[in-house]
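Down below is the structure, laid out as structure tokens.
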Amino acid sequence: MKKSSVGFLSVLSGTADRVATTANVAGTLVVLGLVALVNYDIFARGIFNQPFRGAIEVVQFSMVLIVFLQLPDVVRVGRLTRSDGLILLLEAKNPRLAKAVQRFVDILSAIVMWLIAVAIYPEFMEMWESDDFFGIPGVFTAPWWPIKLTILCSALLCTVLFLFKFALPKFESSHTKGRPE
């Protein structure tokens, strides 16, 4: 591969890494907000007998946000839950085959993430253009589109990250250098 191509891919990979890290931070802030909301609900319920209306809906909404905001960073650092026993066994006996299997898993993962993005896009567009809300009218409602947008963006970013892992197996981000995946 030409040096200019590697340099360009390095910039793209670094950008994808920064976006994934930023999404992870946003997911962490959602977790902290959720902790604050649950604590507020507990105190308001116990002290004032006035629970936060819509706490259940906010928790449901937040759980999806947390998972999909943090997923790209998990992919980036190679900590996605998986069973890699076969790859570890292969690595000891045949490192080239282990790398080939890992690359196959990476491209398969990229395809799955792309399919998720393709599947969620029409749902996002439908929710964006409609007045469809979840929750209990008069108590608490929120639009669906932010959830669908988060899933879409997360799946697209994961696709890109898996493609980098597949296309550039020797190319490592600064965060994962020296760490086994």
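Nothing in this text is a laboratory measurement; each read-out follows from the coordinates by a stated rule. What you see is a predicted model; the values in this text were computed from it and never measured. In this analysis, Cβ positions are derived from the backbone assuming ideal geometry, glycine residues included, and neighbour counts consider all displayed protein chains.
Between residue 104 and residue 80, the contour length at 0.36 nm per residue exceeds the Cα-Cα span by 7.1 nm. Cα centroid separation, segment 3-29 to segment 30-79: 26 Å. Straight-line cross-link reach from residue 148 at under 13 Å between alpha-carbon atoms covers these aspartates and glutamates, not counting any fewer than eight positions away in the same chain: 123, 126, 129, 132.
Using a cut-off of under 13 Å, list every residue of segment 150-164 whose amide N is near the label point 7 Å from the Cα of residue 131 along the Cα-to-beta-carbon line. Inside the label zone: nothing.
Evaluating 6.51 cos²θ - 1.76 cosθ + 1.60 at θ = phi - 60° for every residue in segment 136-145, the Karplus couplings come out as 10, x, x, 10, 7, 9, 8, x, 7, 4 Hz, glycine and proline recorded as x. Modelled this way, with points 7 Å down the Cα-to-C-beta line, the labels at residue 9 and residue 35 are 4.0 nm from one another.
From the Kirkwood radius over Cα pairs of segment 1-159, Stokes-Einstein at 25 °C and 0.890 mPa s returns a whole-number translational diffusion coefficient of 132 µm²/s.
Coupling constants for segment 70-86 follow from the phi torsions by the Karplus curve (6.51 cos²θ - 1.76 cosθ + 1.60, θ = phi - 60°), and in residue order they are 8, 4, x, 5, 5, 5, 4, 8, x, 10, 5, 4, 7, 9, 10, x, 4 Hz; glycine and proline get x.
In order along segment 108-114, phi translates into HN-Hα couplings of 5, 5, 4, 5, 4, 5, 4 Hz, rounded to whole numbers, per the Karplus curve 6.51 cos²θ - 1.76 cosθ + 1.60 with θ = phi - 60° and x for Gly and Pro. The sum of -39500 (n - 2.57) across all DSSP H runs of n ≥ 4, divided by the residue count of the chain, sets its helix-only mean residue ellipticity at 222 nm to -26500 deg cm²/dmol.
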